[in-house]
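Taken together, the values in this text are just the output of simple stated rules run on the coordinates, not laboratory data. The structure presented is a predicted model; accordingly, all values stated were derived computationally and were not measured. Reconstructed Cβ throughout: ideal geometry from the backbone, glycine too, with neighbour counts over all protein chains shown.
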Amino acid sequence: MTVMEQRGAYRPTPPPAWQPRTDPAPLLPDALPHRVLGTDAAAEADPDLLRRLHKELVRGRRYNVQATALTKQGRLAVYPSSTGQEACEVAAALVLEERDWLFPSYRDTLAAVARGLDPVQALTLLRGDWHTGYDPREHRVAPLSTPLATQLPHAVGLAHAARLKGDDVVALALVGDGGTSEGDFHEALNFAAVWQAPVVFLVQNNGFAISVPLAKQTAAPSLAHKAVGYGMPGRLVDGNDAVAVHQVLSEAIAHARAGGGPTLVEAVTYRIDAHTNADDATRYRVDAEVEAWRAHDPVALVERELTERGLLDEAALQAVRDDAEAMAADLRERMNQDPVLDPMDLFAHVYAHPTPQLLEQESLLRAELDAEADGTLGAGPHGPEGAGR
Amino acid sequence: MTTVALKPATMAQALGRALRDAMAADPSVHVMGEDVGTLGGVFRVTDGLAKEFGDDRCTDTPLAEAGILGAAVGMAMYGLRPVVEMQFDAFAYPAFEQLISHVAKMRNRTRGAMPLPITIRVPYGGGIGGVEHHSDSSEAYYMATPGLHVVMPATVSDAYGLLREAIASDDPVVFLEPKRLYWSKDSWNPDEPPAVEPIGRAVVRRPGRSATLITYGPSVPVCLEAAEAARAEGWDLEVVDLRSLVPFDDETVAASVRRTGRAVVVHESGGFGGPGGEIAARVTERCFHHLEAPVLRVAGFDIPYPPPMLERHHLPGVDRILDAVGRLQWEAQS
Ligand SMILES: Cc1ncc(C[n+]2csc(CCOP(=O)(O)OP(=O)(O)O)c2C)c(N)n1
């Protein structure tokens, strides 16, 4: 008998404890993204929620425009705009309770601001006066993460720790479509599912990772499908439909809060601006595509719904716009003031107790600053007798 | 005189005892890693912890180093004190992104608002006949990263004391456990583990007058042996055990070299771009007028860690150290 003929005997028997954990069918995302606005379901959307979303969307759009303008004036080193993606940003901020945590990527300044962060503090990283301009514990917003997907395992760890402590806290982590290819994405989802951690992952699929389109990023039917392999549900949602994103995220968060474990949500959206102000988007996409997405604008979708239902008259609309304008004016004015920096801060937050080496370097800088103040900088010893300094 | 019943303990047991005592003293201390639970770790350092404290406090994680350290970051953000085990030195590399971009920098990024009290235990170094990827000396990578403490015990008592200190530290500590010293023994009073000594202080393991051997971790016993052997040649060698590379104890090292006038740095990681270059430079800057000879280095070769049957040719041993000590007769040579 050949080995091939014997194959049945070679088939490994699963260890007795092994059981398929779940039927994958309920974990699979729907074929089409969940939508509310522009469908019959919109009629049931709560007017107060609609108004709240609208106000935040208008503020968010205005914020993106203002921050982009500030890069042109040299006030920000760089700004990754989320214009076109405001529905995801705003919904992410509004679905969380105060005790919950948000784990943003570098593009998600807006979500942090919509959660209540001071707009100027939220821009500290991008202005360059410090890395994180706020106390993460105060707002329960983790530092904006520049290395892709690395914030995802943090969200899992925090949610897990909260549950161990018996706290009713959920973490919501944001990541881009490109970030889903990183190992940290995989490790975070796997940990979350194994630990049944109360965490929700929101992928903002805006079509591109800088210039690379989704088709070159993954061969999966959708990014939401990736959830199934980890044993968690995947949900697909229209990322420009603020009500739909709010709904899907709320359900996922309620599921996590009730002990159901993590969910992966993919929001299909589009980045209207370039990757950042330093990027030339005409190299990798055509205007027609951008225009098609402009016709599905997240702010306009909510505005139309409110107007058609008679929930927003001209005066109310003007009030929302005035509020956004005031926020932008305040942001502009405060960002146009030069931040006051203390160079000694360089050494202040490296360790709880500075090493002897840092203390030495600190006194070198102190002496340089003093010399700068007295105008004696550069007049140091030149001969060998100065070498012992 | 009171007599206490001293009992022998291995370094691995002392480390386990430190973990146990830290967990008993502070409910926020959590041990996690691959195989740390039921098995008690591949070196049995975490033996019994899961049984005593439960799976939630001593957790077998999925097999993913970035995930382990990344999750520890989030746990520390929420007020826990994770103690992470990386199974072997070379398997910590997948976690470097988390270590360097987040663990080392979180305090700094948040202006001190969010310190991360994480201890990362890494069984490290060679000399146990491990196959490839089980014997790396990775300290140079860690010490080049501001924001981390880099600590390595060489004695059984230090294994206990330094690990307690590391866990209590509000800063992240990379705790390098010399694998070949895991089974080294010392006797101590089991009811009263050794006093906790602060991280960042070097100690003179053996006083001497004619030259200083500056070393740490697995090379400490080798240097002590070399110092004994050198007596026959008329050398009275002082051995300084650094105990941590970050913070670095310039004071103790410089004071020793000023007394002896000669120094050799000994470590098993490669010499090029290795810790010895940094240490030699620091000594030269501080002791130039006291030096009778250049500061020499005895290090591992600048090669990927060799296969086990060749490792004895790579690791700095007594002969290579004595040879360097001989070369400290600088005047006679030049
Ligand atoms: C680990 C890592 N690799 C590379 C980069 C450089 N980089 C910054 S943004 C970006 C594209 C990210 O695309 P995506 O995840 O889709 O997010 P989006 O920019 O579309 O919001 C890249 C490659 C990075 N920040 N981190």
Pick out, from A:Y79, A:A67, A:H34, the residue whose Cα sits farthest towards the positive end of the charge dipole of chain A, with +1 on the Cβ of Lys and Arg and -1 on the Cβ of Asp and Glu. A:H34
Rounded to whole Å, give me the distance from the Cα center of region A:287-362 to that of region A:208-285. 22 Å
How would region A:201-265 be classified by its alpha-carbon gyration tensor: rounded, prolate or oblate, with rounded meaning a/c under 1.5 and the a/b versus b/c comparison settling the rest? oblate
Would you mind calculating the relative contact order of chain A from Cα pairs under 8 angstrom and at least 6 residues apart, reporting the percent as a whole number? 21 percent
Could you tell me which of rounded, prolate or oblate describes region A:250-389, using a ≥ b ≥ c as the square roots of the eigenvalues of the alpha-carbon gyration tensor, with rounded for a/c under 1.5 and, failing that, prolate when a/b is larger than b/c and oblate otherwise? prolate
Ordering of B:120-129, B:317-326, A:368-377 by packing [mean C-beta count within 10 Å, highest first]: B:120-129, B:317-326, A:368-377
Yeah, region B:221-264 with a ≥ b ≥ c from its alpha-carbon gyration tensor (a/c under 1.5 is rounded, else prolate when a/b outruns b/c, oblate otherwise) is oblate
For chain B: relative contact order, % (alpha-carbon pairs under 8 angstrom, 6 or more apart): 15 percent
Give me the compactness ratio for chain B, meaning the Cα radius of gyration over 2.2 N^0.38 Å. 1.00
May I ask you to order A:100-109, B:183-192 by the average number of other C-beta atoms within 10 Å around their residues, highest value first? A:100-109, B:183-192
34 Å tail of the calculated P(r), the protein assembly as shown, as % of Cα pairs: 56 percent
Electrostatic dipole magnitude of region B:11-70 [Cβ: Lys, Arg +1; Asp, Glu -1; Cα centre; debye, to 20]: 200 debye
Once the dipole of the protein assembly as shown is set up with Lys and Arg at +1 and Asp and Glu at -1 on Cβ about the Cα centre, which of A:C88, B:P207, A:L172 lies farthest towards its positive end? B:P207
Cα centroid separation - region A:80-108 against region B:219-272, whole Å: 55 Å
Per residue of chain A, what 222 nm ellipticity follows from adding -39500 (n - 2.57) for every DSSP H run with n ≥ 4, rounded to the nearest 500? -13000 deg cm²/dmol
Which one of A:F208, B:L181, A:A111 has its Cα pushed farthest toward the positive end of the charge dipole of the protein assembly as shown, where Lys and Arg give +1 and Asp and Glu give -1 at the Cβ? B:L181
Taking 0.36 nm per residue of sequence separation and subtracting the Cα-Cα distance, how much length would be gained by fully extending the chain between B:V203 and B:E225, in nm to one decimal? 6.2 nm
Given unit charges at Cβ for Lys, Arg (+) and Asp, Glu (-), the dipole magnitude of region A:39-165 about its Cα centre in debye, nearest 20, is 400 debye
Using all Cα-Cα distances in region B:18-90, what percent lands in each 10 angstrom bin from 0 up to the longest? 22, 57, 21, 0
Would you kindly state how much longer the chain becomes between B:F272 and B:L63 on full extension, computed as 0.36 nm times their sequence separation minus their alpha carbon distance, in nm to one decimal? 72.0 nm
With just the Cα atoms defining each centre, how far is region B:284-334 from region B:101-157? Give it in Å. 25 Å
Give, rounded to the nearest 20 debye, the magnitude of the charge dipole that chain B has about its Cα centre when Lys and Arg contribute +1 at Cβ and Asp and Glu contribute -1 at Cβ. 520 debye
In the protein assembly as shown, what percentage of the DSSP-assigned beta bridges are antiparallel, given to the nearest 5? 15 percent
Within 10 Å, count the other beta carbons around each residue, average over each peptide in A:141-147, A:322-328, A:39-45, and list them highest first. A:141-147, A:322-328, A:39-45
With the crude spin-label approximation of a point 7 Å out along Cα→Cβ, what separation in nm comes out for A:D168 versus A:S250? 1.7 nm
Evaluate 2.2 N^0.38 Å with N set to the residue count of region A:62-174, then give the Cα radius of gyration divided by it. 1.06
